[in-house]
Amino acid sequence: MKFTFNFPDLGEGLEEGTIMEWYVKPGQQVKMGDSIVQMETDKVVADIPSPKNGVITDLFGEVGDVIKVGSPLVIIQIEGEVSEQTTEDEKITTEAVSESDDDAGSVVGTIEVAGKNDIMAPSDEGEKDIEEKTSVSRKALATPVARAMAKQMGIDINQIPGSGPSGRVKKEDILNFKSTGLDIKPESDIIKKSFTPDESLKQTAGDVTYKPLTQIRKTIAKNMLQSKHNAAHMSVFEEVEITGLMEVRSRYKQRFADKGVKLTYLPFIVKAVAQALKHHPQLNSQIDTENNRMIYRNRYHIGIAVDAPDGLVVPVIRDADKLSIFQIAGQIGELANKARTRKLTLEDLKDGCFSITSFGSFGGIYATPVLNYPQAGILGIGRILKTPVVKDDEIVIGNIMPLSLTVDHRVVDGGETTRFIYKVMEYLTDPISFLMEE
C-alpha cells in the first residue's frame, strides 16, 4: 500500500518551507526516523524524518521549491505491502491538483514534529491511501513553483506534459513549452531558494539584477511591518560611562577564555536588563486588546539579535536573571554559533519577552530599534566611545556606551521608560551591584 507523507506543521505559525536538500531518491529504502529532506522555514533549518518504514516511490518538489504545510512531500510504499499495478494512463491524484492558491496548501494529512533534533514517533496521521484511477479530464500534478510560473505566464498547466514522477509538471516543462508563443517571465519572479550569494539565482535585465527572497528575509519584512502597524513606537537615547565595567571584563576575560568562553560586554547587558525588568514589569509585558487585558511575564527570557548569513535572527537566553555572567556568556556564544551555522531550533527562538540588539560592533552609535512585536521593549547598544566627561568637577576621559531604547508607548509611558533605562545604566556603571540584589 502507498501513502502520501505531507509537509508537517512544525509549529510557531509556519506556513511554508523551502527544500534545501533531498536525502532520498525514488526506489530508496527508508526506516522510521530516517531524515528524508532538509527544509528551510522562516525560523529554522530542519530535517524532516520518515514516519514509517518503506520504499520511496515519488518525490514532490526539487531543491529550491517552496512547499506549503500540508502539501505532499513524498509517496512511500509501506514495507511489507504490495502496491496495485498501474497502467500508463493511470495517475496518482490528490486534492492539491487545481491551480487555486487554497488547493496548493490543502491538507491530506499531517504529522507534528518539534525541533530539528527531535524524531517523530510513528503515527497514522500524515498518511492517506492513494487512489489510482483513469481520468478523462487530466488535472496535472505540479510543484508549487511550477503552478506559480504557469499562472504568471497565463498557461493552462493541465495542458503541459509533465516529465516528473507520475507525470508531475516541473518548471522545466513550462519553460520548454514554447510552442504557445507566450512571453515567459524571468525565472527570478518565481519563488526559489538561494543558498549563498554565489549560488543564488540571479536574473539581470538592463540596469537591475533580480534576486529571489529567502524565507528568512520574507519573514523579517513581514515582522517589521507587523511591528510598525501594531505598536506605537517611542525611542529614548542615553549614554552610560562604563570604565568600571571595562575593568571587570578585563580582569576576568582571560579566565573565561581558559574555559572556552568569550567574555564580551553583552552578558553584562543581558543580566542588567533582566534585573531591571524585575523592577519595571511593564517592560516585561504585552497588551492583549482582544481580551481587554495586560499580560505580565513572570520569567525573564532575553532575545539576542544575531546577524546570521541569511538575515537577522533572535535566539533567546532563558531565565537570564537566574544565570551567572559566565553562564550567559557561554549561552550567547553557543546560540550565535548555531545561528551562523543554521542549526537553531524552534526551541531556541521561543518565548522571548525583551530583546537586545548590538549594532556597535558594526560602527553604529545610535539607532531607533524596531520592536520585536508583541514585546514591549528592545534595547540597542552602540559603539563604545572615548569621550570627555565631567567627574568630580574635572574633565577626564570617559568610556561611553550609547543606549537606544524603543518601547511600545501603548504599554509603557515615558516616565517608566526613563526609570527602566536608568536602572540598566546603574547596573552597567557598577557591575558589583548584580551581586548585591536581594
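Mind checking the full-extension length gain between V389 and K262? Use 0.36 nm per residue of separation minus the Cα-Cα distance, one decimal, nm. Write out the running numbers ahead of the final one.
On the way: separation 127, 0.36 × 127 = 45.72 nm, distance 2.96 nm.
Answer, rounded to one decimal: 42.8 nm.
With each pseudo-label sitting 7 Å past Cα toward Cβ, what's the Q29-N292 distance in nm, one decimal?
Roughly 6.5 nm, to one decimal.
Gain in length, K278 to D351, computed as 0.36 nm per residue apart minus the alpha-carbon separation, to one decimal in nm? Don't skip to the answer; put the middle values down first.
On the way: separation 73, 0.36 × 73 = 26.28 nm, distance 1.69 nm.
So the extension gain works out to 24.6 nm.
Which of K52/K211; K218/K423; K2/K151; K25/K151; K253/K322 have a Cα-Cα distance over 26 Å? Intermediate results must be reported in sequence, preceding the final value.
Details: K52/K211 38 Å; K218/K423 36 Å; K2/K151 30 Å; K25/K151 29 Å; K253/K322 21 Å.
Pairs exceeding the cut-off: K52/K211; K218/K423; K2/K151; K25/K151.
Length gain on complete extension for the stretch T341 to L213, per 0.36 nm per residue less the alpha carbon to alpha carbon distance? Write out the running numbers ahead of the final one.
On the way: separation 128, 0.36 × 128 = 46.08 nm, distance 1.93 nm.
So the chain would gain 44.1 nm between T341 and L213.
Could you compute the FRET efficiency for L435 and D9, with r as their C-beta to C-beta distance and R0 at 30 Å, rounded to 0.05?
Working: r = 45 Å, r/R0 = 1.50.
Working from the Cβ atoms, E equals 0.10.
Output the Kirkwood hydrodynamic radius of segment 303-377, Cα pairs only, in Å rounded to one decimal. Write out the running numbers ahead of the final one.
Values: mean 1/r = 0.0761 Å⁻¹.
One over the average 1/r among Cα pairs gives 13.1 Å for segment 303-377.
Specify the inter-centroid distance of segment 338-354 and segment 367-427, based on alpha-carbon positions, in whole Å.
Using only Cα atoms to place each centre, the spacing works out to 25 Å.
Any read-out appearing in this document is the output of simple, stated calculations on the displayed coordinates, not a laboratory observation. Here the structure is a predicted model, which means the values were calculated and not measured. Cβ: placed from backbone, ideal geometry, glycine included. Neighbour counts: every protein chain shown.
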